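Student: Sharing a structure below in structure tokens format, with a few things to ask.
The values are calculated or read from the model by the stated rules, or taken from the named source; none is laboratory data. Predicted, not measured: the structure shown is a model, and the values here were computed from it. Please note: Cβ atoms are built from the backbone with ideal geometry, for glycine as well, and neighbour counts cover all protein chains shown. With ligands, DNA and RNA removed, areas are computed over all heavy atoms of the protein, side chains included. Shrake-Rupley method; radii C 1.70, N 1.55, O 1.52, S 1.80 Å.
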Amino acid sequence: MQNVILNCALFLLPTMVLIGCQSVRPANLGTHEGKLAPCPSSPNCVSSQSSDDAHRIPPLTFSGRAADAMKKLTAIVQTFPRTTVITVSDSYLHAEVTSAIFRFVDDLEFLVDDAAKVIHVRSASRMGYSDLGVNRKRIEQFRLRWLETHPSR
């Protein structure tokens with residue numbers, strides 16, 4: 001019986017630590033001098049503002065008013081499962097996406113650049129090293145939904 005209790009404790013303690021760690025929101029989120037935070041060296045992040053190919057992903061494009069683009073952007077983000085919008089401003093959106101099984105939290109950010117008519121994107125895992133391409137796939141799924149509302153772009 002003591003072995004069962006010890007084995008349960010050895011399993012539950014690291015699990016509880018992981019669950020506790022994933023809820024801590026990184027301090028580098030948001031915009032800094034008109035840019036999203038850079039990706040770390042680990043492959044579990046993509047950003048349209050990254051200079052290296054491993055992390056780079058194209059931004060979204062739009063025409064018309066930035067306010068209209070932000071409304072559509074917010075509406076699309078809210079359709080994603082297990083996604084919670086945390087911050088919305090005139091040009092910035094931050095959402096948290098929780099994985100279905102392990103409940104890991106990833107950060108999803110968008111920055112509207114009205115002058116360039118692009119929306120910069122960043123999707124990053126809070127924990128671990130590799131995300132098996134989950135963040136890149138998430139942005140590409142978002143891009144498909146975006147193109148449904150902006151078919152000529």
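Student: State, in angstrom, two size descriptors of the stretch 43-131 derived from its alpha carbons: Rg to one decimal place and Dmax to the nearest whole number.
Tutor: Final numbers for Rg and Dmax: 13.4, 40 Å.
Student: On full extension of the chain, what length is gained from T149 through I101, given 0.36 nm per residue of separation minus the C-alpha to C-alpha distance? Let's see the in-between values first.
Tutor: Values: separation 48, 0.36 × 48 = 17.28 nm, distance 3.05 nm.
Length gained, T149 through I101: 14.2 nm.
Student: Of all accessible surface on the stretch 70-153 at a 1.4 Å probe, what whole percent is carbon and sulfur?
Tutor: Details: 2570 of 4410 Å².
C and S fraction of accessible area: 58 percent.
Student: Let me ask another. Taking 0.36 nm per residue of sequence separation and subtracting the Cα-Cα distance, how much length would be gained by fully extending the chain between A54 and V88, in nm to one decimal? Mind dumping the intermediate values first?
Tutor: Numbers: separation 34, 0.36 × 34 = 12.24 nm, distance 2.80 nm.
That pair, A54 and V88, stretches by 9.4 nm at full extension.
Student: So, one more: So, counting K/R as plus one and D/E as minus one, what does the shell of residues with Cβ under 12 Å around Q49 add up to?
Tutor: -1
Student: How much net charge surrounds V121 when only the other residues with a Cβ under 9 Å from the Cβ of V121 are counted, with Lys and Arg +1 and Asp and Glu -1? Before the final figure, lay out each step's value.
Tutor: Values: positive: R122, R143; negative: E109.
Computed value for this residue: +1.
Student: Multiplying the sequence separation of R126 and R65 by 0.36 nm and subtracting their Cα-Cα distance, what value in nm do you get?
Tutor: Taking R126 through R65 to full extension adds about 18.7 nm, to one decimal.
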